[in-house]
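Structure first, commentary second.
The values are calculated or read from the model by the stated rules, or taken from the named source; none is laboratory data. This is a predicted model, so every value here is computed, not measured. Neighbour counts are summed over all protein chains in view; Cβ atoms, including those assigned to glycine, are modelled from backbone coordinates with ideal geometry. Ligands, DNA and RNA are excluded from the accessible area calculation, which covers all protein heavy atoms including side chains. Shrake-Rupley method; radii C 1.70, N 1.55, O 1.52, S 1.80 Å.
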Amino acid sequence: MVKMWMKPAALLALSLAGACRAQDTGPLKLTLKDAVALALKQNPQVILANLAVSQSEQDRLTARAALLPQANANLSEAVNRLNLQAAIGLTIPGFSQHVGPFEVFQTGVGVNAPIFDLTLWRHYKSSRLGIDSSRARETSAREESVMLVVSQYLGCQRAAADVQAAQSRADLAQAVYDQSADLQKNGVGTGIDTLRGNVQLQNEKQRVIVARTELETSTYGLARLLSVDPHRAIEIADEVSFFDTPEVSLDQTLEKAYSTRPELRALRTEEERAAIDARSAGDQRLPKLSFSGFWAEQGLSPATIIPVYQYQGSVIFPLFTGGRIQAERAKADLTIRQLQQQEQDLRNRIALEVKTAVAQVAAARNEVTVANLGIQLAREEVTEARDRFQAGVTNNIEVVTAQDELARANDNQIGALYRYNQARASLAFAMGQMEAVYAR
């Protein structure tokens with residue numbers, strides 16, 4: 001009876017698991033915001049950056065522990081046999097040459113605490129800045145991850161728009177071909193018009209095939225960035241659209257970029273750490289004051305145990321270090337100079353990126369305006385050419401020409417929209433605002 005009950009239950013569990021797997025392998029429909037959130041969750045570089053922040057936090061705790069008292073409990077039992085002559089350097093008549101063997105039992109607590117040590121305090125401050133530096137690098141990794149995903153998603157949007165436009169042109173070519181065949185059937189049109197319309201139809205079908213292939217490869221690239229199961233297809237949910245933005249003041253943009261770019265924050269933090277290391281090297285010339293001691297119960301046996309203790313304070317004055325302190329100070333100064341040069345180079349690069357992105361946004365906005373007008377005029381041209389062909393005023397050469405102009409106008413519009421949205425993403429990245437703009 002037990003076996004008869006377990007078998008249906010097992011089959012039910014297997015069927016549910018199979019249903020879950022079948023559901024997981026279905027198309028994954030993502031908006032741009034969903035894609036960015038998934039990338040921030042699964043991107044290996046972001047995960048490594050998060051782990052680096054956690055490691056920096058542990059380094060801070062380790063540095064703080066060096067400033068706090070350390071206590072150790074001990075329990076020992078030793079058997080000793082000593083050479084008395086070797087221990088005191090002479091022989092005592094009437095005494096044996098050796099002492100023991102005898103047992104010593106001891107248990108107690110030892111304490112060690114730094115009282116004044118500036119190098120430990122500097123090391124602790126440096127470790128705290130290390131957390132800020134790791135967080136800035138984590139933000140930089142997140143910004144780069146968002147930028148890659150946004151660019152790939154925009155490429156998928158462009159490919160999807162190409163597919164839609166190509167299919168629309170194919171439908172138009174099919175209608176023109178049918179119109180030509182109908183006119184030929186009624187004795188109004190000619191065979192060359194029908195043939196010309198069929199050639200145009202096949203060309204448009206070929207463009208549909210190419211556009212669909214480009215869309216598939218673009219979604220494969222997006223799946224790779226998002227670490228999605230290769231067996232699972234991805235579908236984009238956002239349509240290509242145009243978002244107008246206000247004019248941007250270049251001076252305000254640069255100042256904001258300087259204050260928000262995580263790479264620049266990381267370099268500034270590293271400069272502060274290098275300055276602390278330089279001061280720490282000089283502080284090694286100062287005396288160090290510490291306290292240590294222990295208290296224990298000691299005896300030859302548990303019955304003879306008595307309390308014993310030792311407390312001492314120590315002051316250490318460095319007299320000669322072989323040039324080590326001077327070398328460490330010089331090394332820290334060189335590190336500061338290197339970081340300052342890197343900061344200047346990074347500031348110049350940020351300025352170039354911001355200026356370029358602002359110019360691209362302005363140009364792309366104008367391109368979109370012109371492209372929208374161009375697509376409107378091209379559609380009117382196709383309509384008038386078809387009307388003239390239907391009326392028998394001309395052959396369908398004008399219609400085919402108008403179709404080619406419409407295809408060019410479609411490509412211009414899609415390209416302009418893509419360049420505008422990509423320029424907006426580039427400006428957000430240059431400003432250090434990728435996650436703020438696209439993930440929230």
- Note on the structure: If you go through GLN252, GLN202, the only one that is surrounded by fewer than 16 Cβ atoms within 10 Å (Cβ to Cβ) and either within 30 Å of GLU398 (Cα to Cα) or modelled with pLDDT of 90 or more (or both) is GLN202
- Note on the structure: For the stretch 97-140, the count of residues that are of a type outside the set (A, V, I, L, M), in contact with a Leu (Cβ under 8 Å, 6 or more places away or on another chain) and either within 20 Å of SER56 (Cβ to Cβ) or free of Cβ contacts under 8 Å to residues at least 40 places away in the same chain (or both) equals 5
- Note on the stretch 41-86: residues in a helix (DSSP H, G or I), touching a residue at least 12 places away in the same chain (Cβ under 8 Å) and over 17 Å from SER134 (Cβ atoms) are GLN42, LEU84, GLN85
- Task: List every residue pair whose Cβ atoms sit under 7 Å apart, with the two residues 6 or more apart in sequence or on different chains, where the first one lies in the stretch 309-323 and is on the phi < 0 side of the Ramachandran plot and surrounded by 10 or more Cβ atoms within 10 Å (Cβ to Cβ) and the second, anywhere, is part of a loop (DSSP other than H, G, I, E, B) and modelled with pLDDT of 85 or more.
- Result: VAL315/PRO287; ILE316/PRO287
- Query: When ALA357 is evaluated against the numbered criteria (1) surrounded by 11 or more Cβ atoms within 10 Å (Cβ to Cβ); (2) under 30 Å from SER290 (Cα atoms); (3) in contact (Cβ under 8 Å) with a residue 12 or more places away in the chain; (4) hydrophobic (A, V, I, L, M, F, W, C), which criterion, by number, is the only one it fails?
  - Reply: (2)
- Out of (1) in contact (Cβ under 8 Å) with a residue 60 or more places away in the chain; (2) out of contact with any Leu (no Cβ under 7 Å at 6 or more places or on another chain), the one SER259 does not meet is (1)
- Item | Selection from the stretch 255-270 of residues that are at pLDDT below 90 and β-branched (Val, Ile, Thr) | THR260
- So which of SER127, SER134 is within 28 Å of GLN42 (Cβ to Cβ) and out of contact with any Gly (no Cβ under 9 Å at 6 or more places or on another chain)? SER134
- Message: Can you go through LEU406, LEU377 and tell me which one is open to solvent by 30 Å² or more (accessible area, probe 1.4 Å) and in a helix (DSSP H, G or I)?
- Response: LEU377
- Checked ASN43, ASN83, ASN50 against criteria (touching a His at 6+ places or on another chain (Cβ under 7 Å), farther than 29 Å from GLN312 by Cα and either open to solvent by 80 Å² or more (accessible area, probe 1.4 Å) or of a type outside the set (Gly, Ala, Ser) (or both)); the one match is ASN83
- Item | Selection from the stretch 175-197 of residues that are polar (S, T, N, Q) and crowded, with 16+ Cβ neighbours inside 10 Å | GLN179, SER180, GLN184, THR194
- Message: Of everything in the stretch 90-135, what is aromatic (Phe, Trp, Tyr) and either in contact with a Phe, Trp or Tyr (Cβ under 9 Å, 6 or more places away or on another chain) or assigned to a loop (DSSP other than H, G, I, E, B) (or both)? Give them in sequence order.
- Response: PHE95
- Please find, within the stretch 117-167, the residue that is most open to solvent (accessible area, probe 1.4 Å) out of those that are among the acidic types (Asp, Glu) and under 20 Å from PHE429 (Cα atoms). GLU144
- Message: Looking at ALA332, ALA371 in this structure, which one is touching a residue at least 40 places away in the same chain (Cβ under 8 Å), among the small types (Gly, Ala, Ser), surrounded by 15 or more Cβ atoms within 10 Å (Cβ to Cβ) and more than 28 Å from GLU263 (Cα to Cα)?
- Response: ALA371
- Matching residues, the stretch 378-410, being over 43 Å from the mean Cα position of the chain (by Cα) and either among the polar types (S, T, N, Q) or within 20 Å of TYR420 (Cβ to Cβ) (or both): ALA378, THR383, GLN390, THR394, ASN395, ASN396, THR401, GLN403
- What number goes with the only condition from (1) surrounded by fewer than 18 Cβ atoms within 10 Å (Cβ to Cβ); (2) more than 30 Å from VAL382 (Cβ to Cβ); (3) not basic (Lys, Arg) that PRO114 does not pass? (1)
